[in-house]
Amino acid sequence: MIKRLLAGLAALAFAAGAAAQQYPSRTISVIVPFAAGGPTDTVTRLIAQSMTKTLGQTVIVENTAGAGGTIGVEKVATAKPDGYTLLLMHIGISTAPSLYRNLRFDPTKDLEPIGLVTNVPMTIIANKDFPPKDMKELVAYVKANKDKVTYANAGVGAASHLCGMLFMTAIQTDVTTVPYKGTGPAMTDLIGGQVNFMCDQTTNTTPQIKGGKVKAYAVTTKQRVKSLPDVPTAAESGVKDFEVTVWHGMWAPHGTPKPVIDKLVQALQAALKDPNVVAKFAELGTEPVPADQATPAALSAHLKSEIAKWGPIIKKAGVYAD
């Protein structure tokens, strides 16, 4: 009986090893837990295109939006751990455990880290007809019209929600928030004048700012962003204690074989060195992380530290979702 059990386990191990050696043999899907056209979607499509060349199989992007990204994350957390369903998610994965009371996954246990991808600055923008001309005027206007002003975001836990929460804390004023299933549709309504202002990643706002479709007030980093040299930092504009960048990482379902993870790590690191990816990232105000951060160990450690960082902030703010 024991011999048969051991033989069975050995056969399973051999089959898993063989499958890993043959990987990938078909199309790979990368789940983006937000609507198409948003910043995370943009980053993912650039990475997926490059990984396709390295892996020798098509890497497609699948948008699964809703609930601040948690629906898409859960889809990957419960997927078959064979390397054919991946996740590219941002900072929101580290805030979800504190924001959502009924979260049905544990990001530190139900996902297999592959590596960090990029850190993206954010920008405070408004529709071009919004009265304030600069950041100082924006703060004064919001305080004077807090019951009328509307702030767009991509749902509880999304980067745009977190940025807005920090901004409102920094200026000690709350405004009406309008949640969307992604910053793609939020941007459409912002440009159309249905909402007043928002905070979003440079990967989504840079083309709109340069095209004159939106009004830019500030970037959320310590230094100005190279691709947007005329946009001041929030600190320069008098708003202190307001600094946030949006990191992105890639994961597979927990239990994905190590040889498969190793191949994905190699493909991700190759993508982050791809001249086309580097150039496109630069145009969008960001850059790939160094190779030593595009690893499972680095992403695992970063996720745990971010969960610990955001927990007390969210608890103090008292913002939760079911």
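Working carefully through the options 63, 119, 102, find the one that is surrounded by fewer than 19 Cβ atoms within 10 Å (Cβ to Cβ) and in contact with a Phe, Trp or Tyr (Cβ under 8 Å, 6 or more places away or on another chain).
Values: 63 fails: surrounded by fewer than 19 Cβ atoms within 10 Å (Cβ to Cβ); 102 fails: in contact with a Phe, Trp or Tyr (Cβ under 8 Å, 6 or more places away or on another chain).
Selected residue: 119, the only one of 63, 119, 102 that is surrounded by fewer than 19 Cβ atoms within 10 Å (Cβ to Cβ) and in contact with a Phe, Trp or Tyr (Cβ under 8 Å, 6 or more places away or on another chain).
Looking at 96, 140, 126, which one is buried (at least 21 other Cβ atoms within 10 Å of the Cβ) and more than 25 Å from residue 67 (Cβ to Cβ)? Break it down into steps so the answer makes sense when it comes.
Details: 96 fails: more than 25 Å from residue 67 (Cβ to Cβ); 140 fails: buried (at least 21 other Cβ atoms within 10 Å of the Cβ).
On inspection, the qualifying residue turns out to be 126.
Can you pull out the residues in segment 285-304 that are among the β-branched types (Val, Ile, Thr) and either closer than 11 Å to residue 91 by Cα or out of contact with any Gly (no Cβ under 7 Å at 6 or more places or on another chain) (or both)?
First, the residues of segment 285-304 that are among the β-branched types (Val, Ile, Thr): 286, 289, 295.
Matches in segment 285-304: 286, 289.
May I ask you to list the residues in segment 18-65 that are among the small types (Gly, Ala, Ser) and either at positive phi or outside any loop (DSSP other than H, G, I, E, B) (or both)? Don't jump to the end; show me each part of the working.
Narrowing segment 18-65 to residues among the small types (Gly, Ala, Ser): 18-20, 25, 29, 35-38, 48, 50, 56, 65.
Selection gives 18, 19, 20, 29, 37, 48, 50, 56.
Which one is farthest from residue 28 (Cα to Cα) among residues in segment 275-285 that are of a type outside the set (A, V, I, L, M) and open to solvent by 20 Å² or more (accessible area, probe 1.4 Å)?
Within segment 275-285, the match that is farthest from residue 28 (Cα to Cα) is 283.
Looking at residue 307 and the list (1) over 16 Å from the mean Cα position of the chain (by Cα); (2) under 16 Å from residue 90 (Cα atoms), which single condition is not satisfied?
(1)
On the given criteria, is residue 289 open to solvent by less than 20 Å² (accessible area, probe 1.4 Å) and under 22 Å from the mean Cα position of the chain (by Cα)? Talk me through it step by step, then tell me what you get.
Working: open to solvent by less than 20 Å² (accessible area, probe 1.4 Å): yes; under 22 Å from the mean Cα position of the chain (by Cα): yes.
Yes; evaluated as a whole, the condition is true for this residue.
Tally up the residues in segment 308-322 that are open to solvent by 60 Å² or more (accessible area, probe 1.4 Å) and in contact with a helix residue (DSSP H, G or I) (Cβ under 7 Å, 6 or more places away or on another chain), please. Reasoning before the result, please.
Quick first cut of segment 308-322, residues open to solvent by 60 Å² or more (accessible area, probe 1.4 Å) only: 308-309, 312-313, 315-316, 320, 322.
Next cut, in contact with a helix residue (DSSP H, G or I) (Cβ under 7 Å, 6 or more places away or on another chain) only: 315, 320.
So the count comes out to 2.
Kindly indicate whether any position in segment 94-108 is out of contact with any strand residue (DSSP E or B) (no Cβ under 8 Å at 6 or more places or on another chain), among the β-branched types (Val, Ile, Thr) and modelled with pLDDT under 95.
Looking for residues that are out of contact with any strand residue (DSSP E or B) (no Cβ under 8 Å at 6 or more places or on another chain), among the β-branched types (Val, Ile, Thr) and modelled with pLDDT under 95, one finds at least one in segment 94-108, hence yes.
Test residue 305 against the criterion of being of a type outside the set (Val, Ile, Thr), surrounded by 14 or more Cβ atoms within 10 Å (Cβ to Cβ), out of contact with any helix residue (DSSP H, G or I) (no Cβ under 8 Å at 6 or more places or on another chain) and farther than 19 Å from residue 201 by Cβ, and give yes or no. Walk me through it before giving the result.
Values: of a type outside the set (Val, Ile, Thr): yes; surrounded by 14 or more Cβ atoms within 10 Å (Cβ to Cβ): no; out of contact with any helix residue (DSSP H, G or I) (no Cβ under 8 Å at 6 or more places or on another chain): yes; farther than 19 Å from residue 201 by Cβ: yes.
So residue 305 does not fit the description; no.
The values are calculated or read from the model by the stated rules, or taken from the named source; none is laboratory data. For clarity, every value in this text was computed on a predicted model and none was experimentally measured. All Cβ positions, glycine included, derive from the backbone under ideal geometry; neighbour counts span all protein chains shown. To get the accessible areas, we keep the full protein, side chains included, count just its heavy atoms, and leave off ligands, DNA and RNA. Shrake-Rupley method; radii C 1.70, N 1.55, O 1.52, S 1.80 Å.
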